[in-house]
Each structure stands twice: as structure tokens, then as C-alpha cells.
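Here the structure is laid out as C-alpha cells; the discussion comes afterwards.
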Amino acid sequence: MGIEIYHYESSEKFYLRKEIIGDTKSYVGLPANSTDIKPPEYLEGHIPVFNGENWDIVEDIFWRPKVIELNYNAGRLRSTYKPISFSLFKHFPSYPSMPKLCNSLQVVMAISQKIKIIHQLFENLCNNHSACLKPENIIIDGSNNDNFCCSPSLIYKYRFEIESMVYAMKRVIDSLAQLTYLLTNYDDFDKNRRIPFDGIGKIFAEDTPYAEVRMILIGDDENFKTDSTGFLKIINDLFNSFKHSLMHDETYSLFCKEVPSIVSYQVKYNNHNKTIYYHNHNAYHIIMGFQDTIQRILNNQKEYISNKKSV
């Protein structure tokens, strides 16, 4: 027979939810911030608050964060995933270089190799996800002995591989965005020696001055295939969350047993009065979305070049 317990918020002790745990034979104690004392009935606008021995009914004026959960879906089955390679000359169009500054062929070479590294990181994190399920690897912090200074806990290694993969994805897409600018606005670059944006963040607004860049990266429902799954927005927000949000480290305590997952709390400008987005994504869908997005952008770039030549 299960034990019915009642959880309360850790600092202000107001009632959160009830839960049935274990049974009377396995009962060894209650989880933190919970009690087996049932709260009394209460009217709307009020809430029980645990005083250490019982519940008080008070006016509900407690602040709570507003959280929305996001789950990315690549639009295809996990079983369709397989690592793919992007050939330097077969898959990429010819981009203009930046004379005296940068050879675009070197950029393409780096993109091609980074995609291979991303697939390798995904394979590693899948292996470490399975290893994290073993009881001997659950330890969060090990010995402080200097002999272990280069031996992080496996769960942190697993999380770092996830973050590294997302960073690498974002860097690849940002490079493609800048190459797209060279394709569409080379005369401006040649005049000003300037690429006026360093990533995809500025192309989400429909009134962006970089209309052709946006058309190629996001699509236009006519000549260029669209980002129908919203992958670009997800990867941009994930990257920013990893980079800026202190709450991101809170998710290190979250672990999905079934599949590798990518989780984070995104708080724009660290204003926690605004909506907090809980990113909770199946890692298989993220890497499939990445693959499909790279293929789509490269095809759109080639379509743009073809249309420009036919004019």
C-alpha cells in the first residue's frame, strides 16, 4: 500500500502537490519539503502553508515563476537517424571569399569537419547516457584528491558533451548565415568590409533588413524551403540559455532514463518575472533537426545561385 505525501515549497512552505510513494514496508522517511499530514480544504484565493506541525490556511499572494515547456520534434521518426557526411565539393555551393581576410573554402572545410565532430559527440553522449544509469556512476562529486582532478563525475561529462554539441551546431549555422550574407550582399561587403551580423539571431524578425538572408535561412513558402519545424529558433534559444542563464545549471539534476535529452531553463535577459522556458528535447530529434536544417539551407543557397544566374 502506497503512502500519500504532500509536497510544499521549500522557502515559503505553501502547498504544491500530493504524491503516492513506496509502501509501508519500504517506508524509511519522507522526501525533503514534504509531510504525510493531509492539508485541509481551502477556498479559492487561499492556500495551505505548512508550519512544521500542521497546515495554516492563508491568502494566496505568493509569487510563482511562469514556466512553459518546449519539446522539439524534427518531424521524422527516431529510427530514421543515421550519421551523414557533407562533402566539401558535392554538397556546398561556391561562396565568394573575403580578399586579404578569409578564404571561404577554409570556412567550408571547417564546417564539414565540425559536422563530423557533432556526430561523434552525439555518439559519445548516447554511450555516456547509458553509463549514467548504472548505480556506480550516480555519484555527483568524488574525492577531492588531486589524483581525481581530471576525472569529472560522469553526469557532468555527459552534460558537457550535450552543451559542446549544441555550441558546435550553433557555430556551424552561424557560419552558414555569414556565408549566406556574402552570397546575397557581396557588393555591400566589398564596399564596407563588414558582415553586419554574427549569427542567426537577427534574422527572425520579419522586418529584418537582411531579407534575402532570411529568405534562404528560414524560407519563404514559395521558392525556398521553410524551417517548418522551427529548429533555428530552438537552437538559437538553447545556445543563449546555456550561455546566459544561471538557471541552466539547475537542470543538471534532471535526467531522462529513456533517451538522451537536452534540457535548460531559458530566461531572457535574466528577468525571472517574465516567462521561463523549460527546454526539454529528445537529443535524437535535435540532431535530426540539425541534419535536415543544414541540408535545407545548402539547397536553398544553391537555388538562390541558380535563380540569380537565370535572371
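Just to be sure before I move on: is F89 open to solvent by 90 Å² or more (accessible area, probe 1.4 Å) and farther than 17 Å from I287 by Cβ in the structure I sent? Break it down stepwise before answering.
Details: open to solvent by 90 Å² or more (accessible area, probe 1.4 Å): yes; farther than 17 Å from I287 by Cβ: yes.
Considered against the rule, which asks whether it is open to solvent by 90 Å² or more (accessible area, probe 1.4 Å) and farther than 17 Å from I287 by Cβ, F89 comes out as yes.
Taking region 52-86 on its own, how many of its residues are open to solvent by 60 Å² or more (accessible area, probe 1.4 Å), assigned to a strand (DSSP E or B) and under 14 Å from F14 (Cβ atoms)?
Residues in region 52-86 being open to solvent by 60 Å² or more (accessible area, probe 1.4 Å), assigned to a strand (DSSP E or B) and under 14 Å from F14 (Cβ atoms): 3 in total.
Results for (1) within 30 Å of L101 (Cβ to Cβ); (2) out of contact with any Asp or Glu (no Cβ under 9 Å at 6 or more places or on another chain), shown as yes or no for each residue.
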{"position": "D198", "(1), (2)": "yes, no"}
{"position": "A211", "(1), (2)": "yes, yes"}
{"position": "I235", "(1), (2)": "yes, yes"}
{"position": "K243", "(1), (2)": "yes, yes"}
{"position": "D249", "(1), (2)": "no, yes"}
{"position": "V267", "(1), (2)": "no, yes"}
{"position": "N270", "(1), (2)": "no, yes"}
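Determine if region 22-40 includes at least one residue that is touching a Pro at 6+ places or on another chain (Cβ under 8 Å) and either more than 30 Å from G230 (Cβ to Cβ) or of a type in the set (A, V, I, L, M) (or both).
Yes, some residue in region 22-40 is touching a Pro at 6+ places or on another chain (Cβ under 8 Å) and either more than 30 Å from G230 (Cβ to Cβ) or of a type in the set (A, V, I, L, M) (or both).
Going by what's in this entry, would V172 be described as at pLDDT 90 or above, outside any helix (DSSP H, G or I), aliphatic (A, V, I, L, M) and more than 17 Å from Y304 (Cβ to Cβ)?
Details: at pLDDT 90 or above: yes; outside any helix (DSSP H, G or I): no; aliphatic (A, V, I, L, M): yes; more than 17 Å from Y304 (Cβ to Cβ): yes.
Taking the combined requirement at face value, the residue does not satisfy it.
Please find, within region 198-229, the residue that is modelled with the lowest pLDDT out of those that are part of a loop (DSSP other than H, G, I, E, B) and crowded, with 17+ Cβ neighbours inside 10 Å.
Applying the filter and picking the extreme gives Y210.
Against the condition more than 18 Å from M169 (Cβ to Cβ), not hydrophobic (A, V, I, L, M, F, W, C) and not in a loop (DSSP other than H, G, I, E, B), how does Q113 come out, does it pass?
no
Just give me the residues in region 147-191 being of a type in the set (F, W, Y), over 30 Å from S104 (Cβ atoms) and under 24 Å from the mean Cα position of the chain (by Cα), in sequence order.
Y156, Y158, F160
Given (1) of a type in the set (A, V, I, L, M, F, W, C); (2) open to solvent by less than 80 Å² (accessible area, probe 1.4 Å); (3) under 27 Å from Y277 (Cβ atoms); (4) free of Cβ contacts under 8 Å to residues at least 24 places away in the same chain, where does I21 come up short, assuming only one miss?
(3)
With V108, V49 as the choices, which residue is crowded, with 16+ Cβ neighbours inside 10 Å, in a helix (DSSP H, G or I), more than 20 Å from the chain's Cα centre (by Cα) and at pLDDT 90 or above?
One residue alone meets the criteria, V108.
Among the residues of region 155-182, which ones are among the polar types (S, T, N, Q) and open to solvent by less than 10 Å² (accessible area, probe 1.4 Å)?
T180
State the number of residues belonging to region 230-277 that are of a type in the set (S, T, N, Q), assigned to a helix (DSSP H, G or I) and in contact with a His (Cβ under 8 Å, 6 or more places away or on another chain).
Of the residues in region 230-277, 2 are of a type in the set (S, T, N, Q), assigned to a helix (DSSP H, G or I) and in contact with a His (Cβ under 8 Å, 6 or more places away or on another chain).
Are there any pairs with C-beta distances below 7 angstrom linking a residue in region 203-224 that is among the aliphatic types (A, V, I, L, M) to a residue that is open to solvent by 40 Å² or more (accessible area, probe 1.4 Å) and outside any loop (DSSP other than H, G, I, E, B), with the two at least 6 apart or on different chains, and if so which?
From residues that are among the aliphatic types (A, V, I, L, M), the pairs are I203/R214.
Right, D237: of a type in the set (D, E, K, R) and touching a residue at least 12 places away in the same chain (Cβ under 8 Å) or not? Talk me through it step by step, then tell me what you get.
Numbers: of a type in the set (D, E, K, R): yes; touching a residue at least 12 places away in the same chain (Cβ under 8 Å): yes.
Here the answer is yes, as D237 does meet what is asked.
Being in contact (Cβ under 8 Å) with a residue 24 or more places away in the chain, farther than 27 Å from T80 by Cβ and open to solvent by less than 10 Å² (accessible area, probe 1.4 Å) narrows it down to one residue among I276, I286, I297; which is it?
Testing whether each residue is in contact (Cβ under 8 Å) with a residue 24 or more places away in the chain, farther than 27 Å from T80 by Cβ and open to solvent by less than 10 Å² (accessible area, probe 1.4 Å) leaves just I276.
Within region 246-273, take every residue that is among the small types (G, A, S) and surrounded by 21 or more Cβ atoms within 10 Å (Cβ to Cβ) and give me the one that is nearest to N73 (Cα to Cα).
The residue in question is S261.
Can you tell me which residue among N192, N185 is open to solvent by 50 Å² or more (accessible area, probe 1.4 Å) and polar (S, T, N, Q)?
N192
Just give me the residues in region 280-311 being over 24 Å from N185 (Cβ atoms) and β-branched (V, I, T), in sequence order.
Listed by number, the residues that qualify are I286, I287.
The values are calculated or read from the model by the stated rules, or taken from the named source; none is laboratory data. Since the structure is predicted, the reported quantities are computational estimates derived from the model, not experimental observations. No Cβ is skipped: glycine too gets one built from the backbone with ideal geometry, and neighbour counts run over all protein chains shown. Accessible surface is based on the protein model in full, side chains and every heavy atom, while ligands, DNA and RNA are left aside. Shrake-Rupley method; radii C 1.70, N 1.55, O 1.52, S 1.80 Å.
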